[in-house]
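Accompanying notes for the structure given below.
The values are calculated or read from the model by the stated rules, or taken from the named source; none is laboratory data. All figures in this text were calculated on a predicted structure; none of them were measured in a lab. So basically every Cβ, Gly included, is an ideal-geometry build from the backbone, and we count neighbours across all protein chains shown.
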Amino acid sequence: MSNLLELTGLFSRLASQIETGNGDTDNADQSDDVLVAALNQSLNLSEQSRVRVLDTALSLMCFTSPQVFDSVIEYSVNTIVSVLSSLIECEVLKSDKSEVLRIGGYISAHDCVRVMESCVDVLGKLTEHGGFIKVTFKYLLSKVFETFLITNVKPDFNIRIFAGMLSRSLLYAVVRVAVMRTQFQYTMQLTPVFNVQSTEEMSHALSKLVYYIPKTIPTNNQELQLRLLIWYLDPQTLLEDISQLLQEAIGRPFICLNDEFYEKLKWRSVIIFLALSPLFFIETRSLLHTWFLHTGLDSVLELQVGLVSMLLDLLSRPIYWGLSAEIGSKLPFSNAYFLSNHNLLRTFNEPLSYDGFLELVHKIKDSTPQTNTISMVDHKSTWSIAMNFPDWFYFASFLLSGRSFDYLQQTSSCSAAASWYISWILDPVTESVSGILAEKLSKLSKPLVINLSTIRIWLKEFQDVKAIDIQKNAMFRRITFGILIGSYSSITEDGFELLLHYVTTGIILRSTESQHTRLKEAVACACSVFNLTDIAERISDSVCDAREIAVEIICQIKLRVVKYLIKCVNSLLQFQIDQNNLLLYKDLHRRMLRWRNQGKDVFHGYKDLDDAINTISSKLLHS
């Protein structure tokens, strides 16, 4: 059946059968007599048929017209699936003393578009068919089940599963044929050239097929492979999927990305699909890294960090992510996803520690080339991997100023390594510039007391160095997170407020009477508070011997920033809640509730915080 007309003819007949069946229905609310008469009439699928034995035999066996109709549809779909599967070949051709492995399909790229369009038509009708049986024959099927005293069966659910299985098997077969639409020849001497560029017609047909991809978490190999085949057919679909995640992350700054990746179906599915294909993960990470280099947007970097973090989490516990033990056992090792510097990856992925940090710095120095080239910051570079694990950057800045902890002698031994690491992150290309930055950074570890006044002087010295624009450099401003955590006991509430405002805007104000006049700025300042306590939780858990001590540190930091957070929230509440920002305030409300209990709730009876949370809730209720 290599003739395109024969294949599309099968699709046409199947579509016609489904339409004919849909047109034979009666209303589900008719009386029993009319329903029985209609059933008896419909048992003959052809009006010209004179074989009345079929009526009697099917009636005696309690078969209904829909059941017979479903069988016709099922066998028709399975026939097309079998035909499509037979159109893919894999054979070895022998010529003289050479052997050639030929893999591909019999359908050309042009003809494949017509097959995909025919499939889209059938998939649409199959979807309507499932709903049609659910509504029209629900009463009849229920009567049949009651006859056999079967009371725990839901006919409508079973029919949805039936129609869904047929649709998915047909969809997978067509997409698989589309992937193999060109024949490739492999020899020992030649490397095959893969030409999978999509034409406009192919992309259009593919976009229609994507609509029918299941929205649930994939549970079998066929469903898992389907999205990967779509990405392979048209890489633009991968770009669109990642762009959608990025747009949502930008539009919802108060969400916890890691929670979103696990809890939200669409996000979770992307992680699973990327885990199944190291090639697509590498392409995705490269794409986000390129976007970050061109835009410098924090949201792009945060999404990339989230993807890497969740992928490694899935590889370590696939069953937790909903994959079967069989599929989980077939996942590649982490080195398949990070082809360069895999030994460094393992160190980056270890828990934060003093010894681990010194080992990390030593490995980076050994692996970093001495020549100033653009390759030092591309997606294969050591620097790009380091950017995916920002906690080590915060840990380094914490080591510069850990005066509030009982580890002063240990942080002193690490201060040189911390200064080098931070300066390398800020400028991985120009060694002379990073050297100057490292010298300025090391000065911060030498003051006996680190407070707001000390930090002001320190930042003024940095401003005199024209190597980088520290006011616009987001990574430089993030050093402040580590400093606040390391010296939280010697910095006042006002100091926390001024420095958090600096993290957000790059400006240190002289007074805490600043007002947030723009929605975007108020959002960013509130996010700085949430980010600070999240980072403090991860660092304190790593450096403290007991969980109780780590919790106490988080609570002390929360007590120093709560007034600033409330000020940010009150600024946000000055703006009207409408349909454009409704989700933003819902996310803020959830994040505030979570933040209040982070570590432990130390704000019992704290009226200002309760009032802020209740005000958000009230505004959401009336919006």
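Some points to look at:
- Some residue of segment 594-607 being surrounded by fewer than 16 Cβ atoms within 10 Å (Cβ to Cβ) and in contact with a Leu (Cβ under 9 Å, 6 or more places away or on another chain): no
- Applying the condition of being among the polar types (S, T, N, Q) and more than 20 Å from the chain's Cα centre (by Cα) to segment 296-352 and asking which residue is nearest to Ala524 (Cα to Cα) yields Thr347.
- Qualifying residue in segment 592-602 (condition: within 27 Å of Leu459 (Cβ to Cβ) and at pLDDT 90 or above): no
- Against the criterion of being of a type in the set (D, E, K, R), at pLDDT below 75 and more than 45 Å from the chain's Cα centre (by Cα), Asp70 does not qualify.
- Output for segment 564-613, where each listed residue is basic (Lys, Arg) and assigned to a helix (DSSP H, G or I): Lys567, Lys586, Arg590, Arg591, Arg594, Arg596, Lys607
- Residue in segment 552-560 that is touching a Gly at 6+ places or on another chain (Cβ under 7 Å), surrounded by 16 or more Cβ atoms within 10 Å (Cβ to Cβ), aliphatic (A, V, I, L, M) and assigned to a helix (DSSP H, G or I) present: yes
- Val433 meets each of the listed conditions (1) part of a loop (DSSP other than H, G, I, E, B); (2) under 29 Å from Phe292 (Cα atoms); (3) modelled with pLDDT under 85; (4) β-branched (Val, Ile, Thr) apart from (1).
- Where a residue in segment 233-248 is outside any helix (DSSP H, G or I) and its partner, wherever it lies, is surrounded by 20 or more Cβ atoms within 10 Å (Cβ to Cβ) and at pLDDT below 90, with Cβ under 6 Å and at least six apart: Asp234/Leu206
- Scanning segment 104-134 for residues that are of a type in the set (A, V, I, L, M), modelled with pLDDT of 70 or more and farther than 17 Å from Val81 by Cα gives a single hit, Ala109.
- Residues of segment 350-367 satisfying the condition of being crowded, with 17+ Cβ neighbours inside 10 Å and closer than 14 Å to Ser384 by Cα: Ile364
- Of everything in segment 79-110 that is part of a helix (DSSP H, G or I) and exposed (fewer than 15 other Cβ atoms within 10 Å of the Cβ), the residue that is nearest to the chain's Cα centre (by Cα) is Ser85.
- Restricting segment 436-470 to residues that are among the β-branched types (Val, Ile, Thr) and assigned to a loop (DSSP other than H, G, I, E, B), the residue that is nearest to Ser397 (Cα to Cα) is Ile450.
- Across segment 332-345, the number of residues qualifying as surrounded by fewer than 17 Cβ atoms within 10 Å (Cβ to Cβ) and in contact (Cβ under 8 Å) with a residue 24 or more places away in the chain comes to 4.
- Here is the figure for segment 356-377: residues that are of a type in the set (Asp, Glu) and modelled with pLDDT of 90 or more total 1.
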